[in-house]
Amino acid sequence: MRVVKYLFFTIVALWAMTGASFAAGAGAEGDLSSILEVQKYFRSIHIMAMLLVGFGFLMVFVKNYGRSAITATFLLVSIAIPVYFLKDSLGFLGGADSDVDRLILAEFAAASLLICAGAVLGRVKMHQYILLGLLFIPCYAFNEWILLNGGFGLIEPGRFVDTGGSIVIHAFGALFGIGVAFSMTTQEEYNTPIESDETSDRFSLLGSMMLWVFWPSFCAALVAPKDIPATIVNVIIALCGSTLATYLTSLKLSGKISVADIANAALAGGVAIGSTCDKIPVPYAFVIGILAGTLSTVGFDLIQGWFQNIEKKVDTCGVLHLHGLPGLFGGVVAIFVVQGISKGAQIKGILITAVFAILSGLIVGKILSLTGHRLKPYTDAEELLVD
Amino acid sequence: MRVVKYLFFTIVALWAMTGASFAAGAGAEGDLSSILEVQKYFRSIHIMAMLLVGFGFLMVFVKNYGRSAITATFLLVSIAIPVYFLKDSLGFLGGADSDVDRLILAEFAAASLLICAGAVLGRVKMHQYILLGLLFIPCYAFNEWILLNGGFGLIEPGRFVDTGGSIVIHAFGALFGIGVAFSMTTQEEYNTPIESDETSDRFSLLGSMMLWVFWPSFCAALVAPKDIPATIVNVIIALCGSTLATYLTSLKLSGKISVADIANAALAGGVAIGSTCDKIPVPYAFVIGILAGTLSTVGFDLIQGWFQNIEKKVDTCGVLHLHGLPGLFGGVVAIFVVQGISKGAQIKGILITAVFAILSGLIVGKILSLTGHRLKPYTDAEELLVD
Amino acid sequence: MRVVKYLFFTIVALWAMTGASFAAGAGAEGDLSSILEVQKYFRSIHIMAMLLVGFGFLMVFVKNYGRSAITATFLLVSIAIPVYFLKDSLGFLGGADSDVDRLILAEFAAASLLICAGAVLGRVKMHQYILLGLLFIPCYAFNEWILLNGGFGLIEPGRFVDTGGSIVIHAFGALFGIGVAFSMTTQEEYNTPIESDETSDRFSLLGSMMLWVFWPSFCAALVAPKDIPATIVNVIIALCGSTLATYLTSLKLSGKISVADIANAALAGGVAIGSTCDKIPVPYAFVIGILAGTLSTVGFDLIQGWFQNIEKKVDTCGVLHLHGLPGLFGGVVAIFVVQGISKGAQIKGILITAVFAILSGLIVGKILSLTGHRLKPYTDAEELLVD
């Protein structure tokens, strides 16, 4: 708690020292470049709706932890965006061309952090979400810098294909979160069931729908205007594919339809299409969506239980199955469907991300462990004033 | 179920054969035409929010069927959009000028399908929603082709006035749904009350508000940029009119305010303004909204009960009163308020839609009946894994 | 009730008499000015989402009054927008340049009215919300005219700094509402506790998130395109600051985290940044957000209880602490951080707003009192049909 406060005020102080002046636009009133920036800004607002209402409410599925999940979402977003924005303004590990670009990159970082936090949702204290954010963002920025900005000269800038972040955002966040969960999960947490009820389910489905609706803007956020129409159609068609495949697979595997599958795996098409969304024809997008939805549902219904039994570790929101596996799938599939792709760069980027995310997650989990543990997992009452 | 899967894979196969290449934009970076396409795309996202969160949550009013209603919404949207998109890409029954136009037309089709499904909500199995979608979309596209694209030479293209789809989308979907309900409603369904509680009501009002908020983008989706300001003001003012009229009428008819009236009839102004939204002055829009809200509330509070008693048929969501009557009213009112309208074309279009929608709905209902019936209406437990 | 109906039909009649013709756009297809209008329209839709879903659901925190709160929101928006729009179309107290500008100004008025109504939420009858709207809007327009349009020559147009409405919208609405609450609160209302539960809390947090997400569009609605990027970054960073500060302050003051603090005070950064959002560097915005969040949380946790005990008056939603104090703070802070500001004009505007809002609120509260009182506060059952 004290650590969090200390770091928080350090950021304020650091920022205050930058003494930046007001960034008034230079161009003439209503010229084309302002219009394009405003269009990017609209997409950034859509992403913000995904971060808060989407991810936030998706995590309300935990019956007695809903208000905490939303509070955590508020905190995670509110720490990720200023920290990334500050880093980028100072020119560490890259630096965006404009304020709106920087905002969108900060939102991507926040999305990855929310995915990561989903793995340990309900099992860390509120101040640990903030600490997690403070430790996660530099790691995220470091990986992003290597994959996309030529960091250490490992991958030439522009060679790694990942427009909508299947690897950089989704797989990184999920694998980092799995690392944290490995380091932190206690036996008691493993033994405590995660319960949902019909109201928490409906809230969760609301979050899922908000993610589905605004996903095209997430993938197309920084795409050139002329390629946006084809990109957003691909994203929507991929989501349709994963939604249909989730229904068919869930029914096949469980005999009935699992609400958790619908709320989660239906989105796997959006995760998997990320890498290639602006580079493939529509029918490919449909097939990628179908395969991702199937993979994710198999993950939730078969792999998750089997994995937890073996490892005695808990991934609260199943981020491995919604963001991890479909993200990796999306990054790998690019090798086969994108014309002129650099196979070496793509494989290198995926491997770097996987190894670095898990390792840094394991370490960060250890650090978090040092700052205390909840008494009881998955309850609002421990940290919130409830009646 | 097997039929659904078979048809589903046929679509995938068909599409794969089209072998479309990636539709990269042709124009220069940031030129005007890309900017306009991106603006259309923002409206298409607003419509997507209406389809999933709006229609989806509006239907959560059925207390024990909320999670199924949301699942059904996901499936209906995910089948309607690729099927319409595929049809249009292949040039059957018309064909849009651009990817975003095609997407918006597909969303219109999905909206009409959701309206249709509202009539039998909770009384068909999950796979029957998909089958309904597969049968509905061709009928919808056929009617759209006749009214708007000069199909069979019955109505000259551009003569039928229906910018926001009062007739083509709302009345068609509602009357088709009534047809299906007529063919399918069982005595047991008629005898089973549809229950809601305070939580299902609040979710339903959330859906209603999402529809209200984004309705201007629905009506203005394909309107020329210069006419958009006047169009969206008309839509908002019409919605204000129907909301106020719904309150006054509900209070008058029931002594108290019915939540179902507020959640539904408040939207009737949006339905009725569809035909004329880009062609009339603002005060007319206010009056059309007031009349539509009144008509819809009278429908819900008086006609619905009376009709059900006589016919022993159930219209779960009351789509006749939210979309059917206000839609027809909107199409007819155009004859009196739009300057230079072709009365013949308008009347012909309305009659064709009414007759074709009901007939095809009756037939499709019969077909659906052949694929089985739910054991008990309006319960999540029959098809979902619930605790 | 009868008064409301009478006034309602007077508005319809008045408007019908204006006989406005359809305002078809003049420019060429897709020229720059239409594109800018459409971009403004997208921001207006974001504001509409704040008004209905945001404010509406934020007020659902009252456990047994949620459906009424949403109904009230529908009515308040539906009366405010046409009345302000009519006033402005007739050129009373100013007049906007275009339809979309007029719509945005009407939405600002509706936001202020919703804030005002929050102070007496659950304690007035449904028709009194409409009457409140009919009396509030002229007062709001009068104050806006004096501060921004040079009314009575008191403040030169353009001198009062309040881009996002910290003073004109937030402080005015809150202080007016406090005035109404002073005139209307009964002893019984003071004695009745305002209860919430975990479901009403989650809905309330949903409303809060919708406000947070779309707040940048609220502040930037009428800002020149070239200044929009810097403006929206400031708003988002301010909201991050207030969210983090709310968490730290709430924990400090209560030992645990109050859900009401998170749902409300987290937004104080948006309220306070309003005046200066397009005129200051980013680090300033972060600090303003932190201070506003702290101030608001102290208001909710300390001042509110103390104030209610002394005055025996109830401010249902705590609008004084979310909109009143942070709004005044935002207006005052402009004096210190905006270069070249006219201190005299700023102070004059703030004082005029404070005095006029409270006085007119007190009078309007007295008038409302004459039209009856609810039997029991905070229950849906008194006016809604509930099972």
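Suppose we filter C:GLU198, C:GLU189 for residues that are in contact (Cβ under 8 Å) with a residue 40 or more places away in the chain and of a type in the set (Asp, Glu); which single one remains? Step through it out loud before you land on a result.
Details: C:GLU198 fails: in contact (Cβ under 8 Å) with a residue 40 or more places away in the chain.
Only one candidate passes the filter, namely C:GLU189.
Identify the residue in segment A:253-267 that is more than 19 Å from the chain's Cα centre (by Cα) and more than 7 Å from chain B (Cβ to nearest Cβ) and, among all such residues, is surrounded by the most Cβ atoms within 10 Å (Cβ to Cβ).
Let us first name the residues in segment A:253-267 that are more than 19 Å from the chain's Cα centre (by Cα), namely A:253-259.
Subset that is more than 7 Å from chain B (Cβ to nearest Cβ): A:253, A:255.
Numbers: A:LEU253: 15, A:GLY255: 10.
That would be A:LEU253.
Taking segment B:87-131 only, how many residues are modelled with pLDDT under 95 and in contact with a Cys (Cβ under 8 Å, 6 or more places away or on another chain)?
0
For A:GLY165, state whether it is modelled with pLDDT of 95 or more and within 25 Å of A:LYS5 (Cβ to Cβ). Before the answer, list the steps.
Values: modelled with pLDDT of 95 or more: yes; within 25 Å of A:LYS5 (Cβ to Cβ): no.
When the stated conditions are applied, A:GLY165 does not pass them.
Consider segment A:128-159. How many of its residues are among the hydrophobic types (A, V, I, L, M, F, W, C) and either more than 17 Å from A:PHE92 (Cβ to Cβ) or in contact with a Ser or Thr (Cβ under 8 Å, 6 or more places away or on another chain) (or both)?
Filtering segment A:128-159 down to residues among the hydrophobic types (A, V, I, L, M, F, W, C) leaves A:130-132, A:134-137, A:139, A:141-142, A:145-148, A:152, A:154-155.
The next check asks that each one be either more than 17 Å from A:PHE92 (Cβ to Cβ) or in contact with a Ser or Thr (Cβ under 8 Å, 6 or more places away or on another chain) (or both); those that pass are A:130-132, A:136, A:139, A:147, A:154-155.
The total comes to 8.
If a residue must be touching a residue at least 24 places away in the same chain (Cβ under 8 Å), within 14 Å of another protein chain (Cβ to nearest Cβ) and over 20 Å from B:GLY177 (Cα atoms), how many such residues does segment B:332-380 contain?
Going through segment B:332-380 one residue at a time, the tally reaches 7.
Against the condition surrounded by fewer than 24 Cβ atoms within 10 Å (Cβ to Cβ) and not in a loop (DSSP other than H, G, I, E, B), how does C:GLY274 come out, does it pass? Please lay out each step first, then the result.
On the way: surrounded by fewer than 24 Cβ atoms within 10 Å (Cβ to Cβ): no; not in a loop (DSSP other than H, G, I, E, B): yes.
When the stated conditions are applied, C:GLY274 does not pass them.
In segment B:287-387, which helices (runs of 4 or more DSSP H) lie fully inside it and hold 2 or more residues that are of a type outside the set (Ser, Thr, Tyr) and modelled with pLDDT of 95 or more? Don't jump to the end; show me each part of the working.
Working: elements: B:304-311, B:325-337, B:343-370.
Output list reads B:325-337, B:343-370.
One line per residue, one yes/no per condition, for (1) within 21 Å of A:VAL62 (Cα to Cα); (2) within 11 Å of chain B (Cβ to nearest Cβ):
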residue	(1), (2)
A:CYS139	no, no
A:PHE142	no, no
A:THR163	no, no
A:PHE176	no, no
A:LEU205	yes, yes
A:LEU211	yes, yes
A:PRO216	no, yes
A:VAL235	no, yes
A:LEU251	no, yes
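Kindly establish whether A:LYS279 is surrounded by 19 or more Cβ atoms within 10 Å (Cβ to Cβ) and among the charged types (D, E, K, R).
Values: surrounded by 19 or more Cβ atoms within 10 Å (Cβ to Cβ): yes; among the charged types (D, E, K, R): yes.
When the stated conditions are applied, A:LYS279 passes them.
Look at segment C:202-234 and say how many of its residues are within 21 Å of the chain's Cα centre (by Cα) and part of a helix (DSSP H, G or I). Give the derivation first.
If we filter segment C:202-234 for residues that are within 21 Å of the chain's Cα centre (by Cα), which is where we start, we get C:203-223, C:231-232, C:234.
The next check asks that each one be part of a helix (DSSP H, G or I); those that pass are C:203-219, C:231-232, C:234.
Final tally of qualifying residues: 20.
Assuming C:SER98 fulfils every condition listed in (1) surrounded by 24 or more Cβ atoms within 10 Å (Cβ to Cβ); (2) within 10 Å of chain B (Cβ to nearest Cβ); (3) over 27 Å from B:VAL53 (Cα atoms) apart from one, which condition is it?
Condition not satisfied by C:SER98: (1).
Take the residues in segment A:181-201 that are more than 9 Å from every other protein chain (Cβ to nearest Cβ) and outside any helix (DSSP H, G or I), then tell me which one is surrounded by the most Cβ atoms within 10 Å (Cβ to Cβ). First the steps, then the outcome.
Residues of segment A:181-201 that are more than 9 Å from every other protein chain (Cβ to nearest Cβ), as a first pass: A:181-194.
Adding the requirement that they be outside any helix (DSSP H, G or I) leaves A:185-186, A:192-194.
Values: A:THR185: 22, A:THR186: 16, A:THR192: 16, A:PRO193: 6, A:ILE194: 20.
It comes out as A:THR185.
If I ask for residues that are more than 30 Å from the chain's Cα centre (by Cα) and at pLDDT 60 or above, which ones from segment A:26-46 would you list? Break it down into steps so the answer makes sense when it comes.
Narrowing segment A:26-46 to residues more than 30 Å from the chain's Cα centre (by Cα): A:26-32.
A:ASP31, A:LEU32 - these are the residues of segment A:26-46 that are more than 30 Å from the chain's Cα centre (by Cα) and at pLDDT 60 or above.
In segment C:271-294, which residues are touching a helix residue (DSSP H, G or I) at 6+ places or on another chain (Cβ under 7 Å) and touching a residue at least 60 places away in the same chain (Cβ under 8 Å)?
C:VAL271, C:ALA272, C:ILE273, C:GLY274, C:SER275, C:THR276, C:CYS277, C:ASP278
What number of residues within segment C:218-232 satisfy the criterion of being in contact with a Lys or Arg (Cβ under 8 Å, 6 or more places away or on another chain) and facing chain A (nearest Cβ under 9 Å)?
Result for segment C:218-232: 1.
Take A:TYR84 and tell me if it is assigned to a helix (DSSP H, G or I), under 15 Å from the mean Cα position of the chain (by Cα) and modelled with pLDDT of 95 or more. Let's see the steps before the verdict.
Details: assigned to a helix (DSSP H, G or I): yes; under 15 Å from the mean Cα position of the chain (by Cα): yes; modelled with pLDDT of 95 or more: yes.
When the stated conditions are applied, A:TYR84 passes them.
Restricting attention to segment B:75-90, report how many residues are free of Cβ contacts under 8 Å to residues at least 24 places away in the same chain and either closer than 16 Å to A:ILE290 by Cα or polar (S, T, N, Q) (or both).
1
Conditions (1) within 25 Å of B:GLY361 (Cα to Cα); (2) touching a Ser or Thr at 6+ places or on another chain (Cβ under 8 Å), marked per residue:
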{"residue": "B:ALA265", "(1), (2)": "yes, yes"}
{"residue": "B:ALA268", "(1), (2)": "yes, yes"}
{"residue": "B:THR276", "(1), (2)": "no, yes"}
{"residue": "B:GLY289", "(1), (2)": "no, yes"}
{"residue": "B:GLN308", "(1), (2)": "yes, no"}
{"residue": "B:LEU322", "(1), (2)": "yes, yes"}
{"residue": "B:VAL337", "(1), (2)": "no, yes"}
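Can you tell me which of (1) of a type in the set (A, V, I, L, M, F, W, C); (2) farther than 24 Å from C:PHE286 by Cβ; (3) part of a helix (DSSP H, G or I) is the one A:LEU121 doesn't meet?
(3)
The values are calculated or read from the model by the stated rules, or taken from the named source; none is laboratory data. Small disclaimer: the values here were computed from a predicted structure and weren't measured. Ideal geometry is used to build each Cβ from the backbone, glycine not excepted, and the neighbour counts take in all protein chains shown.
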